[in-house]
1. Conditions first: (1) within 27 Å of A:V469 (Cα to Cα); (2) open to solvent by less than 10 Å² (accessible area, probe 1.4 Å). A:A540 passes all but one, so which condition is the exception?
2. Looking only at residues in the range A:316-337 that are at pLDDT 95 or above, aliphatic (A, V, I, L, M) and surrounded by fewer than 24 Cβ atoms within 10 Å (Cβ to Cβ), which one is farthest from A:R370 (Cα to Cα)?
3. Can you name the residue in the range A:550-582 that is away from chain B (no Cβ under 13 Å), of a type in the set (S, T, N, Q) and surrounded by 19 or more Cβ atoms within 10 Å (Cβ to Cβ) and, of all such residues, is farthest from the chain's Cα centre (by Cα)?
4. Restricting attention to the range A:583-608, which residues are open to solvent by 20 Å² or more (accessible area, probe 1.4 Å) and under 30 Å from B:G418 (Cβ atoms)?
5. Of these, B:V451, B:V419, B:V430, which one is touching a residue at least 24 places away in the same chain (Cβ under 8 Å), in contact with a Leu (Cβ under 6 Å, 6 or more places away or on another chain) and of a type in the set (V, I, T)?
6. In the set B:L350, B:L340, which member is open to solvent by less than 20 Å² (accessible area, probe 1.4 Å), outside any strand (DSSP E or B) and under 30 Å from B:D461 (Cβ atoms)?
7. Which one of the conditions (1) facing chain A (nearest Cβ under 10 Å); (2) free of Cβ contacts under 8 Å to residues at least 24 places away in the same chain does B:G634 fail to meet, given that it meets all the rest?
8. For A:E270, state whether it is assigned to a loop (DSSP other than H, G, I, E, B), of a type in the set (D, E, K, R) and away from every other protein chain (no Cβ under 14 Å).
There are 2 protein chains.
Amino acid sequence: MATTEHASTIDLEAVAELAAQLRVDSIRSSTSAGSGHPTSSMSAADLLAVLVTRHLHYDWDEPRLAVNDHLIFSKGHASPLLYSVFKAVGVVCEDELLNGYRRFGQRLEGHPTPILPWVDVATGSLGQGLPDGVGVALAGKYLDRLPYRVWVLCGDSELAEGSIWEAFDKASYYGLSNLIVMADINRLGQRGQTDVGWDLEKYQRRMEGFGARVLTVDGHDVAAIDQAMTDAAEGAAEQPTVILAKTIKGKGFSEVENKDGWHGKPFPPEMADRAIAELGGVRNLVLRGPVPSPAEPGPVPGKPSTLAPEPAKPSTAAPEYAVGEKVATRKAYGDALVALGARDDRVVVLDGEVSNSTFADEFTAAFPERYFEMFIAEQQLVAAATGLAVRGYLPFASTFAAFFTRAYDFIRMGAISGVDLRLAGSHAGVEIGADGPSQMALEDLAMMRAVHGSTVLYPSDGTSTAALVDVMANTPGISYLRTTRGSYPGRYPAGEKFPVGGSKLPRSSAADQVTLIGAGVTLHEALQAADILQGEGIAARVIDLYSIKPIDTETLTAAAEATGGRIVVAEDHHPEGGLGSAVADALLAAGQQNVQLTHLAVREMPGSGTGEELLAWAGIDADHIAAAARKLVGG
Amino acid sequence: MATTEHASTIDLEAVAELAAQLRVDSIRSSTSAGSGHPTSSMSAADLLAVLVTRHLHYDWDEPRLAVNDHLIFSKGHASPLLYSVFKAVGVVCEDELLNGYRRFGQRLEGHPTPILPWVDVATGSLGQGLPDGVGVALAGKYLDRLPYRVWVLCGDSELAEGSIWEAFDKASYYGLSNLIVMADINRLGQRGQTDVGWDLEKYQRRMEGFGARVLTVDGHDVAAIDQAMTDAAEGAAEQPTVILAKTIKGKGFSEVENKDGWHGKPFPPEMADRAIAELGGVRNLVLRGPVPSPAEPGPVPGKPSTLAPEPAKPSTAAPEYAVGEKVATRKAYGDALVALGARDDRVVVLDGEVSNSTFADEFTAAFPERYFEMFIAEQQLVAAATGLAVRGYLPFASTFAAFFTRAYDFIRMGAISGVDLRLAGSHAGVEIGADGPSQMALEDLAMMRAVHGSTVLYPSDGTSTAALVDVMANTPGISYLRTTRGSYPGRYPAGEKFPVGGSKLPRSSAADQVTLIGAGVTLHEALQAADILQGEGIAARVIDLYSIKPIDTETLTAAAEATGGRIVVAEDHHPEGGLGSAVADALLAAGQQNVQLTHLAVREMPGSGTGEELLAWAGIDADHIAAAARKLVGG
């Protein structure tokens, strides 16, 4: 290995040498793996060579340093380039690059993930790295108040994703001059030319229209790139900067330069040899750029539409609701957020322009500097939460539960990023009534249960909601709280505990003949059904399955044993993947025999109506639960 | 009721009267329902009054007429305005408007759905009507080749959705001069000002940057609107037009005009009376605008990047694969699409810039005029398919299965729209190997099963894939085909039938002691496991569960009965909501007792590796299936 050169000594000639090395190493790593994207790496090699030697302020030995700049590869398929950079700064060795890339059990995965300490977020689903970067930049400007910059490498194909424009919109709205996008416009997508091709002026109009400053450069002119990065890093204007770089896919190897048909294909070994020869051979430069200076947090900048000065700090005491008091769980969510926010400065809240419906607006009023309005852009909502989580904050993001379907890819990728996200979806199910099916979440439990490592919670009253909001603050991974539109009577006294993976038995006796399982609104229906059944001499056990994932298998199997296997599950959700499936999965996984499960769910397409009418229509109200139980007991 | 006036006689004075009527009726209907969005309707009333009287070419008595213009309320919450228009043209009576709106069992739902014959697509999840309209306009220009126009009413809050910009991008790329967007810029969202407010120049820069022609008007000046619509309808340029209208939320009622806090709130009755009085009272005008002229389809316009002239029509015969022949199911998907396309001119194909991975490119080569490249924009991919389905085409949309998560809200809304969409997701599960988790669909089965009325198919070989593609052509609702990256040996002879809701028993005998259930890649693993077990003297039944929804309960229960309830399910998917859940749900719903189900699924976060390594790591390969079966039989 060569000796390490230091920032001040790295001239543009050395940078050009490094760019050649990055290309060579991108070729070597992908050819050795037999898969990967060398040509997409080669187009951006000059951008990265200039960045890491002269502009990225980063202490490679302390990747968690708060003052470090951030580097996000939104075009995650250019992982050979990123890993070649890691070799060039001396944190990954040649052996790992050549024998670890894309191999089983290794950390240099096909697309970058935060298994690597220098990677903030998993990328590879295009159009996500930039929205994530907006979240990091929000943290930098408004919360950390540190001068670090967020550098995001975007490909041109991903500029067709709407999420990119949600990101630009928010970046300019929030004046994120600390966000610098390197747009690698190499013209070619996976199967041919992108829809905009090399029409850089078109991109420029779009980006400027969305509020960015655009610096157009020849993406292979290291001096021009260097100047643009110097200009970008100054970040004078209250707006993000784009370094719009015209590049050539496969740059440096004449056989593939600007040629279609070479996306995502490693070069065969002989071809790789020719490419490496054309690029001047293998190099082993180790070069590090500037490290950040220690910095004190700056003043809090004013946000657009800043609310009145922060009011007196609200009480840190959790809200309390009396048993029998009617409260909507969405309202309790807002109440609990305020108390949690008062206790923990790391709590931040985001919403998709419906905070007066989700009751996130209570937090907005109490802590305006820790609230980020994402407007109607649910992808950016989840991505911003992801970026804030990267910086150690505890984000709670809310919208209508139905509209989290808009962000499912971002939630899925959040799990791969290993971030802790807290999502709260209001207005679940047909219970919402008049607004009709477009606003009714009926797939959200299935969607959220299927996320790796997720926690899915569905409280029925104010006390349980408030307790679960506190629990979410300390829950790793993606946690999801499903709240209800209407107000229902409190069932639990203040102070009752609701651990993840638990359940409650608001009604049980040794004489129980049937088990009724509900959560959220159907818990109230199940309890009414138990009253009806009691009037008929049938004793029913009721389980409040507030924790759908993980699930309380022990209570479920005990109830099955105690009630002759007779179980009715009622849920305000489609029949697939929700409460009923969770119960079925758990009972069978536990080896429970002789189960007779009647599963009540929303099986037809709802329309408008009152909540009561629709619960009855769907067959998930007290009368239907009682009838199902009666049939099981009588049968 | 007043008499019907005809198009030629409707002057702008009458139009203004109609606008007042639309406002009054929007107020009356929402006040009567006790919910709804009067103020969001009032801002757009002038736009709609001018449109329906003088520019929309629509035969209200024949809503399915091919030459009719299309009207899509992308801001679906302005349903009071839409329904008031329906009253004004005489297709909905006053009684229905006042007593049916948002009521149980009625068709005037809170947000429009195609239960109404004049509604193309369900809206209410913002940012979807315009992308859907792009699909309708694609059909009009390239397939129907009819001169109808697609008029889309957008709100300003929804312009923050990235999907809107995906739509503009595609509308300009495809030169959709038949698409006219009416952008109702009333400044106020649900909880305050939108992020752009009344900065119409900012919107104009964005829209022009994305290739639209923008005509800015005062949205309450009927003469200016009329002129803009005349200009728009000429559609001279090969680009979409936006009528960018500065409007006032609540326009016409001074108490609420341009005031925050009135989103989605009906006026209390006394307030409604004051509003109606200020607007000049109740009117009952019935006015109809122009009807379309009969038209012959025009010539086929050239698409951007049009491929070589259409080749000789390919064979209509379904592809055939020999038993034992290795073929990837994604390849069979492409093969089968070509044959299906040759047999049925209504078949159209769309892809998200990965057609050389999904093998949709085979169709592109054969039928370039029926292929629509959507680039990396999965929301627009599904929305365009929706719009094409509205016009009677049979769309097949493909991308990596993982990336359909990006479009989940559109898929969900497609089900509410009642359209028949055929989605094909390739590269399912850890089987894909080196690319890593961002590219691995591990939630898609859960996501697709939870969609109302969906059909979920997962073939294991070429023959079953080809058969299921044909089945999908005639399957109503949302159907989903999950395909696999790698090539596996054919298991079924050509000509074998694969009905929806069926399954196959590639291996069974009266002596079976255990049932192994797989689909896709795990079917091959299950069959290998059965071989291993046979060597040990254990007879195993194997079920190919190619139809996951609907599911073949009869075969499942028969197998459970025959094998002492011993069942192993293996799936390349997270444990929640996929194959195992489908089996558990079905067995319990059927009342099957004594089930001992071992469920093998992907329970940890995968990395890179070979497909074989990852199947083994996840515990879903032949060895793990055999071990699980052995344990059940021995236990």
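The values are calculated or read from the model by the stated rules, or taken from the named source; none is laboratory data. Since this is a predicted model, take the numbers as computed values, not measurements. Positions of Cβ are backbone-derived with ideal geometry, glycine not excepted, and every protein chain shown enters the neighbour counts. Keep in mind that these areas ignore ligands, DNA and RNA; they rest on the heavy atoms of the full protein, side chains included. Shrake-Rupley method; radii C 1.70, N 1.55, O 1.52, S 1.80 Å.
1. So A:A540 meets the others, but not (1).
2. By that ranking, first place goes to A:V323.
3. Result: A:T563.
4. Once the filter is applied, which keeps residues that are open to solvent by 20 Å² or more (accessible area, probe 1.4 Å) and under 30 Å from B:G418 (Cβ atoms), the range A:583-608 yields A:T598, A:H599, A:L600, A:R603, A:E604, A:M605.
5. Selected residue: B:V430, the only one of B:V451, B:V419, B:V430 that is touching a residue at least 24 places away in the same chain (Cβ under 8 Å), in contact with a Leu (Cβ under 6 Å, 6 or more places away or on another chain) and of a type in the set (V, I, T).
6. B:L340
7. (1)
8. Answer is no for this residue.
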